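Inspection log for the structure reproduced underneath, given as structure tokens.
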Amino acid sequence: MVPYKIEESFELPVIDVAETSKNLKKLRLQHGISVAEIQQLLGMENPQSIYTWENSACKYLPRLDNLVTLAKLYKVSLDDLIVVRTEKADALSVGQPCVFSGLSSEDMSFLQENASREVSLALENYYALGA
């Protein structure tokens with residue numbers, strides 16, 4: 001198999017997890033929503049995951065379906081929710097992708113209608129959706 005050659009100018013969109021974590025907390029606070037309310041909305045047993053998502057040192061993000069729900073709740077696009085940066089790419093690999101749970105068709109439609117190509121590609125890389 002011949003390896004794929006990437007153009008010199010190609011930059012890979014990557015989710016900036018630390019900045020996205022800060023953004024998740026900022027949006028929640030701007031909307032006056034408590035962690036307990038998010039916990040209840042998402043049907044979570046305890047709030048620890050939410051605190052982890054909002055802690056930029058932890059480097060964890062919500063599952064994609066929860067990101068879609070949070071974007072709807074905050075009435076923002078995924079582009080406004082997720083912070084993306086670009087990196088020079090010398091190979092088409094994403095390292096160790098995060099575990100992904102399926103989206104409903106409604107959530108997938110929201111994602112397709114509300115995310116820019118850059119954010120969609122970053123999500124695909126983060127969650128290994130193309131695999």
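Observations
- Evaluation of Leu29 against the conditions (1) in contact (Cβ under 8 Å) with a residue 24 or more places away in the chain; (2) surrounded by fewer than 16 Cβ atoms within 10 Å (Cβ to Cβ) shows that the sole unmet condition is (1).
- Checked against (1) at pLDDT below 90; (2) of a type in the set (S, T, N, Q); (3) in contact with a helix residue (DSSP H, G or I) (Cβ under 9 Å, 6 or more places away or on another chain); (4) part of a loop (DSSP other than H, G, I, E, B), Asn55 passes all but a single condition, namely (1).
Residue-by-condition table, conditions (1) surrounded by 13 or more Cβ atoms within 10 Å (Cβ to Cβ); (2) hydrophobic (A, V, I, L, M, F, W, C); (3) in contact with a Ser or Thr (Cβ under 9 Å, 6 or more places away or on another chain); (4) in contact (Cβ under 8 Å) with a residue 12 or more places away in the chain:
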site	(1), (2), (3), (4)
Val35	yes, yes, no, yes
Glu45	no, no, no, no
Gln48	no, no, no, no
Asn55	yes, no, yes, yes
Thr69	yes, no, no, yes
Tyr74	yes, no, no, yes
Leu78	yes, yes, yes, yes
Glu87	no, no, no, yes
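- Candidate set from the stretch 57-67 (those that are of a type outside the set (Lys, Arg) and more than 10 Å from the chain's Cα centre (by Cα)); member that is surrounded by the most Cβ atoms within 10 Å (Cβ to Cβ): Cys58
- Hey, Ile33 modelled with pLDDT of 95 or more, β-branched (Val, Ile, Thr) and under 24 Å from Asn114 (Cα atoms) or not: yes
The values are calculated or read from the model by the stated rules, or taken from the named source; none is laboratory data. Being a predicted model, the structure only gives us computed values, none of them experimental. Note: ideal-geometry Cβ built from the backbone for every residue, glycine included; neighbour counts use all protein chains shown.
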